[in-house]
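Working notes, beginning with the structure itself.
The values are calculated or read from the model by the stated rules, or taken from the named source; none is laboratory data. Small disclaimer: the values here were computed from a predicted structure and weren't measured. Reconstructed Cβ throughout: ideal geometry from the backbone, glycine too, with neighbour counts over all protein chains shown.
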Amino acid sequence: MLIGEVARRSGVSARMLRHYESLGLVRPSGRTSSGYREYSGQDIRRIFHVESLRSLGLSLREIGRALDESGFTPSALVGDLVLQTRERIAAETELLTRLRRIDAADPADWEDVLQVVALLQALGSKSASARQRAALSSDDEVPVPVEALVEAVLDETDPNVAGALRWALARSGDDGAALLAQGLCSPVAAVRERAVQSLAELPGDEAGALLLQALTCPDAVVRGYAALALGARGVADAVPALIDMIVEGRNDTDAADALSVLASDSARADHIATRLVDRLADDTSGAPARGRLTQAMAGIPGTTTSRALVELSHDEDRAVALTATYLLRLREAPPEADTPTAPSRAKRQDGRAGSRPSPREGAAHDD
């Protein structure tokens, strides 16, 4: 078979077949009487073998070794090809990601493109100050792409840089909420924590809905951040998780503050007080937990709390009883703004002493 026909049937150009011949990869077995190259069936099979190995990424030199060296083993070469292919895919994926992020920034001209590229490079810098400047330099004209901000905030270990990234992310609205939700499912605890911290600072209903879902997360840290954020937003669903935090001693002061914010509504205040009393009655709550639960009642107004404190003032646990007694006195005391000065307070106390004598003084008066 002449070279032209081989080229048509194999799909390999005549020029490439001549190149194969010059390298010694595929030599035609014969020549016609006119001196033209003539390929045998064995030659054509070798051409297909060459093309098959080329499709795997082997160089022509490697193909020659594979076909001609009887002791050649493919395992090492194939392993190298696997590694090279993975590196090439990683590089192409990184390039694709960068291009998508530039496209998401919707640059108006090449100057904008260069600015986005510089920001993306700064976000990946080894310098914490450079990363922080990149986060703070995002503006409305050429903002840092949200996807890049989310990736950066989930990877960031420096607290100052992380704060700047969360600020920049919050400025973008709740566009990053869905991406942060993926971080909540990360197998790495630190990434889950960064994700919920960032969600807590995002505005919008989508972020709020994801925080509600986070209340059921197996990770107690994630539940805690979600509960505190929802409490600040006035979401009553956070109450059970906040009380759990108080019982367990995890950010219990912040949890008690969040409960006091939720208790600004009187009906909700009674509900919170009832749940606190129920946990106090739980046999599994140890002495420290009961003390924290009692202290948490300081920020809960209403008659339910007052009745509970009266009962707790006689509790068998002396620390609980003293705390409840102290809180009752605070509730009965006049507001600080109305507290008189020392002299006037002394006069008022004297007046009360005159109007309400002790039994002995009353008896003397009657005589």
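Things to note:
- Options A105, A168, A189, A152: the member that is more than 30 Å from E248 (Cβ to Cβ) and either of a type outside the set (G, A, S) or in contact with an Asp or Glu (Cβ under 8 Å, 6 or more places away or on another chain) (or both): A105
- Selection of the range 52-72 for residues being more than 51 Å from the chain's Cα centre (by Cα), of a type in the set (G, A, S) and in a helix (DSSP H, G or I) yields only G64.
- Among the residues listed as V221, V235, the single one being under 26 Å from R275 (Cβ atoms), surrounded by fewer than 23 Cβ atoms within 10 Å (Cβ to Cβ) and touching a helix residue (DSSP H, G or I) at 6+ places or on another chain (Cβ under 6 Å): V221
- From the list L169, L215, the one residue that fits, being buried (at least 20 other Cβ atoms within 10 Å of the Cβ) and either free of Cβ contacts under 8 Å to residues at least 60 places away in the same chain or under 21 Å from V261 (Cβ atoms) (or both), is L169.
- The range 19-51, residues that are part of a loop (DSSP other than H, G, I, E, B) and of a type outside the set (A, V, I, L, M): G24, R27, P28, S29, T32, S33, S34, G35, Y36, Y39, S40
- Meets criteria (buried (at least 18 other Cβ atoms within 10 Å of the Cβ), modelled with pLDDT of 90 or more and of a type in the set (G, A, S)) for A321: no
- In the condition set (1) more than 30 Å from G24 (Cα to Cα); (2) loosely packed, with under 13 Cβ neighbours inside 10 Å; (3) not β-branched (V, I, T), G71 is compliant with all but (1).
- Search result, residues across the range 253-265 that are within 13 Å of R292 (Cβ to Cβ) and either touching a Leu at 6+ places or on another chain (Cβ under 6 Å) or crowded, with 21+ Cβ neighbours inside 10 Å (or both): D254, A255, A256, L259
- Condition met for A273 (surrounded by 21 or more Cβ atoms within 10 Å (Cβ to Cβ) and more than 24 Å from A209 (Cβ to Cβ)): yes
- Q197 falls short on exactly one of the conditions (1) within 25 Å of A296 (Cβ to Cβ); (2) touching a Gly at 6+ places or on another chain (Cβ under 7 Å), and that condition is (2).
- Annotation note: Cβ proximity below 6 Å between a residue of the range 143-161 that is over 16 Å from I102 (Cα atoms) and a residue that is among the hydroxyl-bearing types (S, T, Y) and in a helix (DSSP H, G or I) (sequence gap 6+ or interchain) occurs for V153/S198.
- Each residue in the range 98-152 was checked for being outside any loop (DSSP other than H, G, I, E, B) and closer than 22 Å to R194 by Cα, and 22 of them qualify.
Yes or no, residue by residue, for (1) charged (D, E, K, R); (2) on the phi > 0 side of the Ramachandran plot; (3) surrounded by 13 or more Cβ atoms within 10 Å (Cβ to Cβ):
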site	(1), (2), (3)
R45	yes, no, no
V82	no, no, no
A90	no, no, no
T93	no, no, no
A122	no, no, yes
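- The range 311-322, residues that are farther than 16 Å from G286 by Cα and in contact with a helix residue (DSSP H, G or I) (Cβ under 9 Å, 6 or more places away or on another chain): E311, S313, H314
- Only one of G24, G57 that is in contact with a Ser or Thr (Cβ under 7 Å, 6 or more places away or on another chain) and either exposed (fewer than 15 other Cβ atoms within 10 Å of the Cβ) or not hydrophobic (A, V, I, L, M, F, W, C) (or both): G57
- Subset of the range 303-318 [buried (at least 19 other Cβ atoms within 10 Å of the Cβ) and small (G, A, S)]: A308
- Checked against the criterion of being within 26 Å of A177 (Cβ to Cβ) and not basic (K, R), the candidates L136, L83, L95, L114 yield just one match: L136.
- From G249, G286, G291, residue being under 25 Å from the mean Cα position of the chain (by Cα) and not hydrophobic (A, V, I, L, M, F, W, C): G249
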